[in-house]
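Data block below; observations after.
The values are calculated or read from the model by the stated rules, or taken from the named source; none is laboratory data. These numbers come from a predicted model, not from an experiment. All Cβ positions, glycine included, derive from the backbone under ideal geometry; neighbour counts span all protein chains shown. Remember, those area values only see protein heavy atoms, side chains included, never the ligands or the DNA or RNA. Shrake-Rupley method; radii C 1.70, N 1.55, O 1.52, S 1.80 Å.
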Amino acid sequence: MMQLFRKESIKSKSNNKVSYNESAPEKRNKRRKKRKSILFKPGKRAKLMKPSDASDTSEISVSLHEEKTIQSDGKSDFDNDLSNGISDCEEYCNSSINTAISNSSSLLSEFFKDTSDEINDEDNNFIVSDKAVESFKKKNSLSLEEKSDGSNDSIESTLNELIENSQIDEESDSDTADSGCEIHECDKDYIVILKYSQTLKIFGFCDLKVLHGKINILGYALNNSMEKHSIYSPKGTALLTLKNTSNYCDESRKMKTLVTKLSKHPILKDLEVRRDSSVLMFMKKHDFTLDFIEKHISQWIVPTKTSFPCVEINPKGNWNTINIPEEWSKVVQNATGQSKILICGGKGVGKSTFLRYAVNCLLQKYKFVRVVDLDPGQSEFSAPSTLSVFNIEEPLLGINYTHLKTADRSVLSDINIAPDPDKFIECIQELKRKGLYIDNIPTIINTMGFIDDIAFHLISNTVAILQPNQIVYIESTNKKKNFKVEMAKKTLNEYVKLFDSNLKLNFPFEIVNIPSATDENVGWTLQPRQMREMCILSYFGKNMTENCNTLQDYRLPMFEVDLIDVSITDRNNSNVPVEAANANIVGLCCLANEENSIFECFGWGIVRCHNPSARKILLITPVNKDVLEKVTHLVVGCLTLPPSVYMNQEGVVGHIPYVFVSDLTGFAQMSKRTRIPFNSHKK
């Protein structure tokens, strides 16, 4: 049985559609040439499968010295040729392969022998002859016996060695290089060749290792000297974009690399890698936290794959993507170790994206970056409802719920600050009391997207308290997303005295207006409520393993807490009955400011059960025992478990615990909740 297929080749959308510069052959030779030339299109492979054993395959691959152009719709002209003459192609391939299969060790040479005499070199710029192939294999191929373990290290070391020892064609034409990327499936991994200055979008999550060259992801540069990095690009947010930024820009040379078939890995036998290309390896990643999140949401946020990395490259359809404006780059490039940058703007203008971009860029110059997160509704590194300070040492290559971290210091606030804005200002002052800034380390201050009513008063007071030396205002073309008043020093001075008449803006700072990067978004976006629920699930999903993936599992880390040692209160330090805390989230806190009832927060826990006679509770939490020793208060009411956690309990027969059935009475309103579909398949 024989199947024809092609390796995936994608051209960047930024390039114009190009077609063949086809000559005008005589009619009597056109059909004959067409039947043969199909096999010499770039990246086309003929796969042999024996009927007795489908797993025992042999492959042949031919790659032109000058690759043909790929159409802008993602299809090569191989697809077009198949629609016109696939029967002829199959007939020819069958005859060639049946002849060569008797001697599999010389399959490639036999293939060239049978077909080279009928190919016109003028139509196919350069065809590798049988003699040239044998000579090239002797110079560049590696022994299969030396590289037969089939591991990722084997592939990586092989490719690196071949690149170092490759032959360079001094006379190659620089104008013949194609654009876009090439994708090769290799066991459970993807090998992607990204050509110079080209980009590709990523949908899904995986581990990424740069084998050759250099790429940039959201401001962070990765090269072949670095370890693998985990990248997360789920649906509901802007997809990550990878760009080839290799420094090898000598386009007058080409580098030929022969990647042999390594053990179980059927890699293309003849592969060309330009000196200015980047070779990437996408590897499968097991993320139990993300599995736990998917289990409790109704949305489909990552591709469903089992054998290959859970990722799609340049996915089709309407997607939000990140296009960094030039003004963003200028702001970050001018930052120094003394910079204190405050980011402000309305909801959905890209404040979180700018924060990640700025952190990634600055991490290439500094050991770590200080981040002050003042957005309790959409916290970047923690569960919602806190104001926190973090030291970030690793790049941010995903959305917030994929990189939750332990705070350097955290103060308990509330998701909705509108009912008590004075308390929000007091929390900022308490956060600053122990110091925020470190010498020669840049600081980025993230703020809320609150723009209505007293929003500008809050921003003015925040500026006066934290005294940044630069305010970055992200302005949208949609006026509804911007502040109602002009962002200027004069306006800030007018609004600063609402909460504290002693506050003044008597320090030097500048205001920089930059455009939003989200104005052209066309894809589906997660709602703020959904993002908060996913952050909560991610926080408690840290404890999930392959055999323990529910919050009802008895193997989860639990702690017995004596109620004599701790108090159960609300956010205002008023006592709360222990029954109200049962099966709810509680903040693990101590009282930092008794006068203003401000709590320092060490993390979060779930009260699993309550023993009234012993006055003890069982607490599920990822916080370690040493930190729990500091806890004096369990604060109720700041966060609630997502409804799906109650509704999706495994092993329950009959009524679900903590869930009851009743009718709405009077003018009661049903609150929003996450819907869990009846079937497990998410669409």
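Which order do peptides 649-659, 614-624 fall in by mean Cβ count within 10 Å, highest first?
Details: 649-659: 9.9, 614-624: 17.6.
Highest to lowest by the protection proxy: 614-624, 649-659.
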Dipole of region 305-362, positive end: most advanced residue of Ile313, Leu355, Val332 [Cβ charges, Cα centre]: Leu355
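With a 1.4 Å probe and all protein chains left in place, how much accessible area per residue does region 533-648 have, in Å²?
On the way: 5270 Å² over 116 residues.
Normalised by residue count, the accessible surface of region 533-648 is 45 Å².
So if each residue of separation counts as 0.36 nm, and I subtract the Cα-Cα distance between Asp519 and Phe368, what length gain in nm does that give?
Answer, rounded to one decimal: 51.3 nm.
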Using a/c under 1.5 as the rounded threshold, could you call region 290-390 rounded, prolate or oblate? The axes a ≥ b ≥ c are square roots of the C-alpha gyration tensor eigenvalues, and prolate needs a/b larger than b/c, oblate otherwise. prolate
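Which of Lys243/Lys330; Lys330/Lys351; Lys209/Lys365 have a Cα-Cα distance over 24 Å?
Values: Lys243/Lys330 19 Å; Lys330/Lys351 16 Å; Lys209/Lys365 21 Å.
From Lys243/Lys330; Lys330/Lys351; Lys209/Lys365, over 24 Å: none.
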For His610 and Asp570, extending 7 Å from Cα along the Cα-Cβ vector and measuring point to point gives, in nm, a value of 1.6
Whole-Hz ³J(HN,Hα) for each residue in region 192-199, computed from phi via Karplus 6.51 cos²θ - 1.76 cosθ + 1.60 with θ = phi - 60°, x for glycine and proline: what do you get? 10, 9, 9, 7, 4, 6, 8, 10
The answer for Ile202, listing residues at least 5 apart or on another chain whose modeled amide H is closer than 5 Å to its amide H, is Leu240, Leu242, Asn314
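Using mean Cβ contacts within 10 Å as the protection proxy, how do 416-425, 627-636 order, highest first? Each step should come with its number before you reach the end.
On the way: 416-425: 15.3, 627-636: 18.2.
Per-residue mean Cβ counts within 10 Å order the peptides as 627-636, 416-425.
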Region 282-436, accessible area per residue, ligands and nucleic acids excluded (1.4 Å, Å²): 36
Share of carbon and sulfur in the accessible heavy-atom surface of region 382-451 [1.4 Å probe, %]: 43
What ranking, highest mean first, results for peptides 558-565, 433-440 when packing means the other Cβ atoms within 10 Å averaged over each residue? 558-565, 433-440
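Step through the table entries Lys188/Lys316; Lys285/Lys625; Lys195/Lys284, compare each Cα-Cα distance with 26 Å, and write down the pairs that go over it.
Working: Lys188/Lys316 22 Å; Lys285/Lys625 29 Å; Lys195/Lys284 23 Å.
Check vs 26 Å cut-off fails for Lys285/Lys625.
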Subtracting the Cα-Cα distance of Asn596 and Glu510 from 0.36 nm times their residue separation yields 27.7 nm
